[in-house]
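The values are calculated or read from the model by the stated rules, or taken from the named source; none is laboratory data. Please read all numbers here as calculations on a predicted model, not as lab measurements. Please note: Cβ atoms are built from the backbone with ideal geometry, for glycine as well, and neighbour counts cover all protein chains shown. These area figures cover heavy atoms from the full protein model, side chains too; ligands, DNA and RNA do not enter into them. Shrake-Rupley method; radii C 1.70, N 1.55, O 1.52, S 1.80 Å.
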Amino acid sequence: MSWVRLIDIDEPVVIWLGALGSIYAIYKVLSAYLATPSAAYVLRGPDSPSWLFGNDHHMRMYRNETLARWLQEYGTTFAIHGFFGSRDLLITDTKAAAFIINRPADFPKHNLMMRISKKVFGDGLLAAEDLEHKKQRKVLNPAFSVAAMRDISPMIMQVAHEMRDQWKIKLSKSTYGPSCQEIDVLDWAHKAALDMIGIAGFGYKFNSLYHSSNELARAFNELSTNLKVFSFAGLLNMLFPILTHLPTKSNLATKRSMAIMRRIGSKMIVEKKAEANQLRESSSGLRKDLLSLLIRANMKENAAEALDDETLLAQISTFLLAGHETTATAVSWGLYALAKDPNMQKKLRDEVLAVHNDSPSMDELNALPYLSNFVKETLRLTPPIVAVKRVAREDTFVPLSQPIINKHGDEVHELFIRRGEGVYSHMYAMNVRFDLWGPDALEFKPERFDKLPEAVSDTPSMFANISSFSAGPKGCIGWRMAVLEFKAILFTMVRTFEFRIDPTLEISGQFVIAIKPSVKGQEEKGPQLPLLVSLL
């Protein structure tokens, strides 16, 4: 006999009571869940101009007065519209940004960005997550140490000199008057950066500055050209990976380029391993390029911690694309800033000409205060990558350093972010916050780094209190090399040449891997920066 019959209650009544109890329990759970609404839906933010792309256009702009206005209007953290009508958060609150950046396991990269990273870099550092990322970072760290940068500094300066000498030859055939020529400095910055990462990264000579027909250089340049991931076709390829198998011209070119890079990269690894084994017992004769350092460090690891050949191969793509793009983009924006301001250019030139050595060491470059300030200010206002999108792995409360006002007029002291929702750590936006950097935050002023406002010390940063290289466990591992290359090129070129810009040209930013200079009205030509260059 059932307990229902013992207490004389009809069985259907019990079933209904059980159902009602279950419904009530679900209601209580949902009520508690909905009682804490997602920040993406209760915070204020701009309207969406497009259901398909949302506010994406304004997320990838330089000299972004619109973004600066949003920060003033909505506060340090606000809601934005993502792709396909989704809602995300843009975060510049220093405490919230640090919380997210320092917890990559809780806030991994967005799936779309992971697809891009894996397509471009393979399973290298930029595509690795969690324990695999820690493992790779541990092996890679020695190759990007201060000591390693000192060792490669002469190689970097040598390439800067080669760039200078090629420009002198070009100016000898001037069409704009005595020793004056229009030069696409972005194109040349790409060539120099590729040669720098080639020789300092792998001990490999691309000779891009000499218009070499090097097979690896051609493959890399073709791959870079085809990686317009934020074009409509590129977006479709990332959303629907099966499309990358279609025999389109772009897909075939990309596969061909990656096959060449893979073949030559595999050969490099075999040769570097053989060399490391041959010199294992000797400290003399060891190569100082980054790949050699990486392979020697990897050989010291136990089998469980060592990187396999496939992962080592992926690091070559990572070094090439990530390192090369950062330097070339920064150099071009820096020369653009100098071309627009003759007084600033003269001040920098006076400092570098006072150095009686055209091949200074890394430490000597770092001792030049205005050069250092200029590099910092360029990277603050024109970071090659402006934002990184991450996704909450679980429902999470994120603390704020200061309260913000939601769309109901209430103060918010922490952010509730639901599982799967996106958050943008926006490096550019954090670099131009008026309450951190002052009312002149959008102005290019290198001297601001002589005495920074105390408030910027809370900014998550790997370099100079700016967010341009991100921070935390996934901050840019190669920032020291990028800064060294930037300084070496500026030092060499500003000593030798004067830069001007045609006043009829308007320069804007165009997103192709990084945000690069482009001539307004000539976007179909792709990124470019034509400057008038004169020999001093």
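Straightening the chain between I23 and S457 buys 151.1 nm, computed as 0.36 nm per residue apart minus the Cα-Cα spacing. Placing dummy labels 7 Å off each Cα toward the beta-carbon, the span from Q522 to A304 is 5.8 nm. For H190, the accessible area of its heavy atoms, probed at 1.4 Å with every protein chain present, is near 40 square angstrom. Sequence-ordered 3J(HN,Hα) estimates for segment 97-111 from the Karplus curve with 6.51, -1.76 and 1.60 and θ = phi - 60° stand at 4, 5, 4, 6, 4, 7, 10, x, 5, 8, 10, x, 5, 4, 3 Hz, glycine and proline given as x.
How large, in Å, is the chain by the Kirkwood hydrodynamic radius built from its alpha-carbon pairs? Provide the component values of the computation, followed by the final result.
Values: mean 1/r = 0.0394 Å⁻¹.
Mean inverse Cα-Cα distance, inverted, gives 25.4 Å.
Only lysine pairs 8 or more places apart or on separate chains count here, and in segment 240-385 those with Cα atoms under 16 Å apart total 5. Note that segment 393-398 has calculated 3J(HN,Hα) couplings of 6, 9, 4, 9, 9, 10 Hz, one per residue in order, obtained from phi through the Karplus relation 6.51 cos²θ - 1.76 cosθ + 1.60 (θ = phi - 60°); glycine and proline are x.
What FRET efficiency do you get for Q402 and T66 if R0 is 22 Å and r is their Cβ-Cβ distance, rounded to the nearest 0.05?
Approximately 0.45, to the nearest 0.05.
Assuming R0 = 41 Å, can you tell me the calculated FRET efficiency for the pair A259 and R419, based on Cβ-Cβ distance, to the nearest 0.05? Mind showing how you got there, number by number?
Values: r = 39 Å, r/R0 = 0.95.
According to the calculation, E is roughly 0.60.
For N366 and S508 in the same chain, what is the full-extension length gain: residue separation times 0.36 nm, less their Cα-Cα distance, in nm?
Numbers: separation 142, 0.36 × 142 = 51.12 nm, distance 3.02 nm.
Result for the pair: 48.1 nm of gain on full extension.
With the simple spin-label model, which puts each label point 7 Å out from Cα in the Cβ direction, the Q278 to K134 separation comes to 3.8 nm. Here's the picture: charge each Lys and Arg Cβ at +1 and each Asp and Glu Cβ at -1 in segment 411-536, and of A471, M493, Y424 the one pushed furthest to the positive end of that dipole is M493. Here the Karplus relation 6.51 cos²θ - 1.76 cosθ + 1.60, evaluated at θ = phi - 60°, turns the backbone of segment 247-256 into coupling constants of x, 7, 4, 5, 5, 5, 5, 4, 5, 5 Hz, with x for every Gly and Pro.
Rounded to two decimals, what is the ratio between the C-alpha radius of gyration of segment 330-385 and 2.2 N^0.38 Å? Present the calculation step by step, with values, prior to reporting the outcome.
Values: Rg = 11.7 Å, N = 56, 2.2 N^0.38 = 10.2 Å.
Output field value: 1.15.
Residues whose amide H lies under 5 Å from that of F497, counting only those 5 or more places away or on a different chain, are L536; hydrogens are built 1.01 Å from N in the peptide plane.
Given a Förster radius of 22 Å and the C-beta distance between N111 and K249 as r, what FRET efficiency does 1/(1 + (r/R0)^6) yield to the nearest 0.05? Could you put the intermediate results ahead of the total?
Numbers: r = 27 Å, r/R0 = 1.23.
Efficiency, rounded to the nearest 0.05: 0.25.
Model label points for S534 and R500, set 7 angstrom from Cα along the Cα-to-Cβ axis, are 0.5 nm apart.
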